[in-house]
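Right, one structure below, let's go through it.
The values are calculated or read from the model by the stated rules, or taken from the named source; none is laboratory data. No experiment lies behind these values; they were computed from the predicted model shown. Ideal geometry is used to build each Cβ from the backbone, glycine not excepted, and the neighbour counts take in all protein chains shown. The accessibility values were calculated without ligands, DNA or RNA, using every heavy atom of the protein model including side chains. Shrake-Rupley method; radii C 1.70, N 1.55, O 1.52, S 1.80 Å.
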Amino acid sequence: IKLDKNRLYVTVYPDDQEAYDTWHNDCGVEESHITRLEDNFWEIGEGPCGPDSEIFFDQGPEHGCDDPNCAPGCDCDRYLEIWNLVFTQFNKMPDGSYEPLQHKNIDTGAGLERLASVLQGCKTNFETDLIFPIIEATAKRAGVTYNEDPNTDVSLKVIADHARAVTALISDGVLPSNEGRGYVLRRILRRAVRHGRLLGIEGIFLTPLIDVVVDILGPGIKSIAEKQDFVKRVVQNEEERFNQTLEQGLELLNSLIDTLAAEKATVVPGSEVFKLYDTYGFPWELTEEIASERGFTIDHEGFEAAMKEQRERAREARVKEDAKVATPDITFLKDEELLEDEAVEASSVLMIGKGAERLQTAADGDEI
Ligand SMILES: [Zn+2]
């Protein structure tokens, strides 16, 4: 990809003379461009691990700090890590010792966005071909200009990043829900929608952005291109539902904070955070974000307690229902798997029941 060799720097683990020699002797990297870094060792608990070596791109002194020892590994923005090689050669044992692996390997990979930003001479990943078209489309829709107001830029970046993540997640089989990864999806989708509101956008805007994302990622990632319509249906369904509740919830939260501010309080009570979650679908993270913009924190413990209480109530309600009508035991079914979603085209039968009995099969005409 023809990066300027003079702007490339490498780091190696201090003891890893082999990597040092390879860079210096075989690749012709000058000694002044090689740094020995203590944290160039990759491991996550027990299992395969080993020293690593990183390649940095010098973005120029204007991105740097005043430290005379500024070099790759410094906290400033001058040296951008674009590539990493892990020499997986040990197996970390339960007692903390390292045993040589029988089959050693090199795990190597570049950061796609970082490489793009270096090649295109962009200030950040967001300005690359991989993301900027989403920012442009959003700015056009909102009638704002990028790079004029820092707050606007934050919202544009959040939306662009989250639109990509949402597309990738849904095309990979994740659906919005209130648990686990489905909840992560729901949270980032709603966060993107809210930032659209901050930009003054009314109505559906995230759904058409999916087309922009697919234009960028689709040619390289087949599953994303194939699921375009499906992803849009899921996003639209979720976006519409969230829009309906967002306005009501925001109004409520703002007037609540006004009241609290008048009382000189600085914490949003957990019961109120729960009410916003339960009634208006506000993830607590969203409430926290809005509250913090006005200098408030939220009562996490109180929220957790209210959540727990609600789960108890729901369980009791189920027991009561069960007493009224004889139904089979359905406690093995997880609520989060039971989605009501028009976008779903196929589903599986999890159980067949008649009265309190669970059946293995049923025939035409049976009442089940
Ligand atoms: Zn520095």
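Residues in the range 68-99 near a label at ASN105, defined as backbone nitrogen under 11 Å from the 7 Å Cα→Cβ point?
Output list for this probe position: 88.
Calculate the FRET efficiency for GLN89 and ARG36 from the Cβ-Cβ distance with a Förster distance of 22 Å, rounded to the nearest 0.05.
Computed FRET efficiency for GLN89 and ARG36: 0.80.
To the nearest 500 deg cm²/dmol, what mean residue ellipticity at 222 nm is calculated for the chain from DSSP H runs of n ≥ 4 alone, each contributing -39,500 (n - 2.57), summed and divided by the residues?
Result for the chain, helices only: -14500 deg cm²/dmol.
Per the Kirkwood definition applied to all pairs of different Cα atoms, how many angstroms is the hydrodynamic radius of the range 131-205?
Radius from the Kirkwood sum: 12.6 Å.
Scan the chain and report its longest stretch carrying no GluC sites (Glu not before Pro) that are both in a DSSP loop and have at most 15 other Cβ atoms within 10 Å.
Maximal segment without exposed cleavage sites: 47-147.
About the Cα centre of the range 83-242, what is the dipole size in debye to 20, counting +1 per Lys and Arg Cβ and -1 per Asp and Glu Cβ, all else neutral?
320 debye
How long, wide and thick is the range 210-322, going by the Cα atoms along their three principal axes, in whole angstroms, largest first?
If we take the Cα atoms of the range 210-322, the spans are 55, 45, 23 Å.
Using the structure shown, select from LYS5/LYS123; LYS123/LYS264; LYS104/LYS227 the pairs with a Cα to Cα distance greater than 31 angstrom.
Too far apart for the 31 Å limit: LYS123/LYS264; LYS104/LYS227.
What Kirkwood Rh does the range 266-324 have if only Cα atoms enter the pairwise 1/r average? Answer in Å.
12.3 Å
Please compute the contact order of the chain in relative form: average sequence separation of alpha-carbon pairs under 8 Å and at least six residues apart, divided by the residue count, as a percent.
In percent, rounded to a whole number, it is 8.
With every protein chain kept in the model, how would you rank SER292, SER155 by accessible area, 1.4 Å probe, largest at the top?
So, going from the largest accessible area down, we get SER292, SER155.
Identify, among LEU276, ALA317, GLY302, the residue whose Cα sits farthest towards the positive end of the charge dipole of the range 266-317, taking +1 on the Cβ of Lys and Arg and -1 on the Cβ of Asp and Glu, with the dipole about the Cα centre.
With unit charges placed on the Cβ atoms, the residue in question is ALA317.
Convert 20 °C to kelvin, take the viscosity as 1.002 mPa s, use the Kirkwood radius over C-alpha pairs of the chain as Rh, and evaluate the Stokes-Einstein diffusion coefficient in µm²/s, rounded to a whole number.
After rounding, the answer is 85 µm²/s.
Using the C-alpha atoms of the range 205-248, what convex hull volume per residue, in cubic angstrom, is computed?
In the range 205-248, the Cα hull volume divided by residue count equals 54 Å³.
If r is the Cβ-Cβ distance from GLU304 to GLN17 and R0 is 41 Å, what FRET efficiency results, to the nearest 0.05?
That gives a FRET efficiency of 0.20.
What is the angle, in °, between the Cα long axis of helix 284-293 and the longest principal axis of the Cα atoms in the chain? Nearest 10 is fine, range 0 to 90.
In the chain, helix 284-293 runs at an angle near 70 degrees to the longest axis.
Once you have the Cα-Cα distance between ASP172 and ASN25, take 0.36 nm times their residue separation minus that, and quote the gain in nm to one decimal.
48.5 nm
Find how much the distance from GLN360 to ASP66 grows on full extension, using 0.36 nm per residue of separation minus their present alpha carbon separation; answer in nm with one decimal.
Stretched fully, the GLN360-ASP66 segment lengthens by 98.5 nm.
I'd like the FRET efficiency for VAL267 and GLU113, computed as 1/(1 + (r/R0)^6) with the beta carbon distance as r and R0 of 41 Å, rounded to 0.05.
It comes out at approximately 0.60.
If all Cα-Cα distances of the range 5-119 are sorted into 5 Å bins from 0 onward, what percent lands in each bin, rounded to whole numbers?
2, 11, 19, 22, 18, 13, 8, 5, 1, 0
Once label points are set 7 Å from the Cα along Cα→Cβ at both SER223 and GLU367, what is their separation, rounded to one decimal in nm?
4.5 nm
Over the range 87-195, what number does the Rg to Rh ratio reach, with both radii from the alpha-carbon atoms and Rh per Kirkwood?
The Rg/Rh ratio comes out at 1.17.
With +1 on the Cβ of every Lys and Arg and -1 on the Cβ of every Asp and Glu, and nothing else charged, how large is the dipole of the chain about its Cα centre, in debye rounded to the nearest 20?
Here the chain has a charge dipole of around 960 debye.
So what does CYS65 come to for accessible area, using a 1.4 Å probe and Å² rounded to 10?
60 Å²
Sort out the exposed loop trypsin sites (Lys or Arg not before Pro) in the chain (DSSP loop, at most 14 other Cβ within 10 Å) and tell me the longest stretch that has none.
For trypsin sites (Lys or Arg not before Pro) (loop position, at most 14 other Cβ atoms within 10 Å), the longest site-free span of the chain is 124-263.
Give the cross-link partners of LYS222 among the aspartates and glutamates, using a straight C-alpha distance below 15 Å as the criterion and excluding same-chain residues fewer than 8 apart.
Those aspartates and glutamates meeting the cut-off are ASP172, ASP211.
If the reach is capped at under 12 angstrom between alpha carbons, list the aspartates and glutamates near LYS157, excluding any in the same chain fewer than eight residues apart.
The qualifying aspartates and glutamates are GLU127, GLU136.
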